[in-house]
Amino acid sequence: MASSTRAPKQWCLTKIETVNTFENWRQNLIYTLSLDKNFAPFLVSGTKWEKKTKTTTHRGFANDGEEVQEANRKTREQKVSMLELMLGQIANYCPIISRNTIVKNSTSIDNIWQTIRLHYGFQITGAHFVDFDAIHYDPGERPEDLYQRLMAFIEDSLLRKDMGITHHDEDIGDDEELSPTLENLVILTWLRLIHPELPKLIKQRYGTELRARTLASIKPEISQALESLLEELRTTEDAKSMRAAVKRFPKTKQSSFVPRSNFKSCPMCKSAGRPDRHFLSQCTYLPQQDRQFMAKARAVSEIHDIDECDLDNNDNNDSTFQDQFPVASNRVQIQQSPYIDAYYGHNPTRFTIDSGATGNMIRASAATKLNAKITSSSQSAHQADGSSPLTVVGETRLTFTRDKHQLYFEGLVVENLDSDILAGIPFMEKNDISIRPARRQVLIGNDCVYKYGSSANGTSNCAVRRAHVARAPSDATTLWPGDYIDVKIPTDMVSTDDIFFIEPHKNDSYENLNSWPEPSLVSSVAGNLRIPNLTDEPLVLKRNEHFCNAQVLHSDLVRVDPDGLLQPCIKEKFKSLLRQYDNVFNPTFKGYNGAVGALEAKVNMGPVQPPQRKGRIPQYSKNAADTFTGKKFNEPEDIGVFKKPEDIGVTVEYLNPSFLIKKSQMEVFDLSQHLLMLAATVNLNPH
């Protein structure tokens, strides 16, 4: 029966001070053993038995009499067996002490505790108290573990009655308790072991509070701000070492000459024997070519990047100024900081990863936008220079998601941060994130790699997707207010930095009365879009229902000179021309009289795309072609949208190849039942 409730393996006592006191160890052992009702009578303080010898095999126990219920009666052999079983378990936790000392020579449970105290020194003796000086702070140890070790040592050293120890030749009448003064001394020792200058900084930082409170009462606040306090001490030490290094530099000799900036002397005129009370740059005898070079050397801040075409043009000039005086000043190349996008709920968020930052920070406006819980904090934050302070609002803890990964963020909420979220070393260590700047990659764990920044490489895929129709899952889904749905974007629409325009999907056969989702711009994360339900009512999505259109705002698939055959200057002219006529692609371009309404382009009109043959235009029957030419072109022509060239006095010369049929009165030809529009003039005169 006793084996079924055998005490589990506990921590073993050691002569090296641990975070657990002997009293905690003893109370835990008593509680575990008392779970067996056969052991409980022996654990009561004051219960005694005899040592086990050849003459006292029963250890002073007797059989239970009739005053004990028959079901609970035990013989003295049973009592001895249960006692020795319990003593054997206690001896298992004290392997250094002889097993016979506990099993055979013990006379009471109090005698066993006293034997353990004497063996390990867990009592206030001169030798044990001197060991307090042997406690040191290990570099890899947590400060809170050091505090627990100090408190465990003091609690084990408190005097107790009936221990046989006297104080000033007087017996101890009552058990000693931990006094507030002793607790303050322990905390002061704890601070001094962590850093010798830390108590002085605590007095400076919490001097006002220490006037009315004890050091032990503000210990939780000190523990919370301990990292910032140690960082301040390290910064102070670095500043002192830098000042000491500057003082060791040899002092420059005092010169009797006037400073060079106030002493005007032209070396050219001085060597020629002319008046030299002027600077060389102001010398009238200086050649114009040298004067331009000196002026350019001074205007470093105004140097702009030189276009390759300009360099080609300069090569044709007769001047050899560039060859004789090469430019020796270069600009500093700046690269985009690594980042990673993640979701907080349905809100896409970007983390700027800084491997040199020692903490995590989030802008106060970004935390408010995410509806994050902000708690007060006594920590301080500085910019990268180490001296410019940041206004700390508080601290927050958030959990973000990207694909299957959860990213845990713990940081300070500050004002006026350059980026929304700055993820430093703590964020990278907690989420196992590393970066490869050369490849512009962010690694999460060992298997997930994400690219950041815009891709500079072209693509061989010439297909351009204008829009993607988002479809509901294969099962009917109810989207409650505040919930969201994930939409997977096709791979040919996904790059590293994507912003999509979403709008409700409407067609002639089905009208979305709720107009959900509202037209807006959303960012994609890892090829996914999260579209939330921001209405006050639940939405029911039918199985495989087309509910949303996602359209890209920019695509690098359509590029000027994708093969890089043009010169940079010519390519730039093409780009400027496209920007100049960018309004051509605007559906509300200037000058249109609006006679037939707004111009719009429709692809795959209707809910279902008709079958098409790849690489060919749609096939029309002859009747359909006649209807198309007779009605669709006549109606706009009648209301003045466009006119025939002959009607507006424009001479048109029509080509007449052998495979075309000339029609003198129309600008539309029928080619093998296909339509070919040669020319159309749009009337841009407003009504």
Report task. Among residues belonging to the stretch 144-170 that are out of contact with any Phe, Trp or Tyr (no Cβ under 8 Å at 6 or more places or on another chain) and more than 17 Å from residue 117 (Cβ to Cβ), point out the one that is modelled with the highest pLDDT. Result -> 144
**Report entry** Selection status of residue 140, within 30 Å of residue 110 (Cβ to Cβ) and surrounded by fewer than 17 Cβ atoms within 10 Å (Cβ to Cβ)
**Finding:** no
Report summary line: Just one listed residue, out of 232, 237, 177, is surrounded by fewer than 15 Cβ atoms within 10 Å (Cβ to Cβ), under 28 Å from residue 411 (Cβ atoms) and either in contact (Cβ under 8 Å) with a residue 60 or more places away in the chain or outside the structural domain of residue 360 (by TED's automatic domain parsing) (or both), and it is 237
Query raised in the report: Residues in the stretch 396-453 that are in contact (Cβ under 8 Å) with a residue 12 or more places away in the chain and part of a helix (DSSP H, G or I): how many?
Result: 6
Query raised in the report: Picking from 50, 17, 23, 70, which residue would you name as being in the same structural domain as residue 83 (by TED's automatic domain parsing) and at pLDDT 85 or above?
Result: 50
Query - Condition met for residue 413 (modelled with pLDDT of 90 or more and crowded, with 18+ Cβ neighbours inside 10 Å) - result: yes
Query raised in the report: Quick one: what pairs do we get from the stretch 204-223, first residue farther than 20 Å from residue 178 by Cβ, second surrounded by 10 or more Cβ atoms within 10 Å (Cβ to Cβ) and of a type in the set (Val, Ile, Thr), C-beta under 7 Å, 6+ apart or different chains?
Result: 206/218; 209/218
Requested in this report: Read through the list (1) part of a loop (DSSP other than H, G, I, E, B); (2) in contact with a Lys or Arg (Cβ under 8 Å, 6 or more places away or on another chain), then give the number of the only condition that residue 140 fails.
Outcome: (2)
Query - Residues of the stretch 344-384 satisfying the condition of being assigned to a loop (DSSP other than H, G, I, E, B), charged (D, E, K, R) and within 15 Å of residue 417 (Cβ to Cβ) - result: 354
Report summary line: The number of residues in the stretch 42-82 that are assigned to a loop (DSSP other than H, G, I, E, B), small (Gly, Ala, Ser) and surrounded by 11 or more Cβ atoms within 10 Å (Cβ to Cβ) is 1
**Report entry** Condition met for residue 62 (modelled with pLDDT under 85 and over 30 Å from residue 149 (Cα atoms))
**Finding:** no
**Report entry** Failed criterion for residue 189 (all others in (1) over 38 Å from the mean Cα position of the chain (by Cα); (2) surrounded by 12 or more Cβ atoms within 10 Å (Cβ to Cβ) hold)
**Finding:** (1)
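The values are calculated or read from the model by the stated rules, or taken from the named source; none is laboratory data. No experiment lies behind these values; they were computed from the predicted model shown. Note that we place each Cβ from the backbone using ideal geometry, even for glycine, and neighbour counts take in every protein chain shown.
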